[in-house]
Amino acid sequence: MNTTRKPNRGPLGLLLVLWLGCSAAQAQLTAIVAVEPTARKAAHSILRTAAESGLSKAAGQSVALMTSDDMADVMRATRSAGYDIFIGPAQVAASALQRGYELVGATQKSDRYLLVGLQQLATVPAMKGRRLYLPQQDSVYTYMARGMLNEAGLSFQDLRAVQYEKFPQAGLTALTLGTADATVVREDDWAEWSAAHPGIARVLATSQPVPGGFSIVVKKDLPADARNKLAQWFNASSSASGLPPVSVRPEAVEYRRVAELGLFTPTSLPGVNRVTAREAQTLLAQGATLVDTRTEKEFKTKRIRGAVFAAYVEKSLKDVAFNAAQDDFQALDKLQGLDRAKPVIFACNGAECWKSYKAAKVASAKGFQSVYWLRGGLPEWDETGLPTEGG
């Protein structure tokens, strides 16, 4: 028989445990400086001890700061809210802002990035089978390249080769030497280089403005007073630690665009008609079928009125060159009364959901003659005020 006595936790004991738990939870905040592989020098100028001291004083509690140039790991941390404060390039902030963080600001003005190619390449689709120079896989340049190719319906897999090197500007030299057919550069760098090297290359695509330098975001659930004081430190006092002060506050739409470039579906799908929610409603009224490709649970919870269910079980990459053989869309063949000669619309959970994109492409390959894609999916339908059901 176990005679070990359990501790007596009366009201005062419980209060003490709760107080100790809260104190431990609030004893230390965590911050990370995410450094582009192409910009390690920026991290070397940051005095970690001074930054920790300044942040701790501003927050009124201890702050532990670390630095990482493993951008893949940092991006995973944004999705799991792994740090209280993120200091990093635009794509890091863009991801965090979708997951419970708020923007303090950025340390440099916004930039545009250009996809430039040799003179004989007239459009982005002409890059298929060509060579692309990029400065390391996790750099913002690569992120922007993927997005601009994605918007044109291309993938890195459509290229003959993707060469990763250390320095962004060296991509322009690669064009001059003929060792690459295209690269991505900042707009300012292109202006200077193209003036000195006329007739060699042309601009194939231009990004929207992208927040420059470091962007700083903090968790929304930190106390308002702590968030305000941290923001004041980043605006006025961070330079003493080697971290450039926040000088601009980019528009939220700039971060949304960055997120869309790396995570969202393309804006068009060759061979398929993209439609708005209103246009989809008109097609439904004319006898089209709208296929909801989400999970059964999602479908039962809330759906577009009149939609039919056919789950697209997704295992392939979220990429325009996805391998449909890795996915399961047998549900489409099991839909009763679905006429391949009549209009069919595919939808899921919005522009960041790839299931309807893939479903529409698969249906088109299967011989459906009139395929439509509601890229905005249920969120756009709902925001437009159109009828839903379920729940």
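The values are calculated or read from the model by the stated rules, or taken from the named source; none is laboratory data. Since this is a predicted model, take the numbers as computed values, not measurements. When we count neighbours, we look across all protein chains shown, and the Cβ atoms used for this are built from the backbone with ideal geometry, even at glycine. Areas reflect the complete protein model, heavy atoms only, side chains present, ligands, DNA and RNA absent. Shrake-Rupley method; radii C 1.70, N 1.55, O 1.52, S 1.80 Å.
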Taking a ≥ b ≥ c as the square roots of the Cα gyration tensor eigenvalues, with a/c under 1.5 meaning rounded and otherwise prolate when a/b beats b/c, else oblate, which class fits the chain?
oblate
Cα-projected label distance for SER110 with GLN28, points at 7 Å along beta-carbon direction, nm:
3.8
Candidate lysines for bridging to LYS334, where Cα separation is under 18 Å - those fewer than 8 sequence places away on the same chain excluded
LYS342, LYS355, LYS358, LYS361, LYS366
Efficiency by 1/(1 + (r/R0)^6): what FRET value for SER62 and ALA252, r their Cβ-Cβ distance, R0 = 41 Å, to the nearest 0.05?
0.85
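What is the gain in length, in nm to one decimal, between ASP339 and ALA191 on full extension, counting 0.36 nm per residue of separation less the C-alpha to C-alpha distance?
Details: separation 148, 0.36 × 148 = 53.28 nm, distance 5.38 nm.
Result: 47.9 nm gained on full extension.
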If I take R0 = 35 Å and measure r between the Cβ atoms of GLN232 and TYR164 in this structure, what FRET efficiency does the formula 1/(1 + (r/R0)^6) give, to the nearest 0.05?
0.35
Per residue, how large is the accessible surface of the chain? Use a 1.4 angstrom probe and give square angstrom.
49
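Leaving ligands, DNA and RNA out of it, report the carbon-plus-sulfur percent of the accessible area of the stretch 86-159 at a 1.4 Å probe.
Result for the stretch 86-159: 42 percent of the exposed heavy-atom area is carbon or sulfur.
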Computed FRET value (nearest 0.05) for THR123 with ASP382, which takes r as the C-beta separation and R₀ as 56 Å:
0.95
In nanometres, the difference between 0.36 nm per residue of separation and the alpha-carbon distance of THR173 and SER53 is 38.9 nm
Under 1.5 on a/c is rounded, so check that first for the stretch 160-214, then, if it is not, pick prolate when a/b is larger than b/c and oblate when it is not; a ≥ b ≥ c are the square roots of the alpha carbon gyration tensor eigenvalues.
oblate
Students often forget the sequence filter, so: which aspartates and glutamates lie under 14 Å Cα-Cα from LYS57 once same-chain residues fewer than 8 apart are removed?
ASP225
So if I take the centroid of the Cα atoms in the stretch 222-243 and the same for the stretch 118-180, what is the distance between those two points in Å?
38
Inter-probe distance in nm under a simple model that places probes 7 Å from Cα toward Cβ, at SER239 and ALA321:
4.6
Quick one: length gained pulling ALA365 to ASN273 fully straight, 0.36 nm per residue minus the C-alpha distance?
31.7 nm
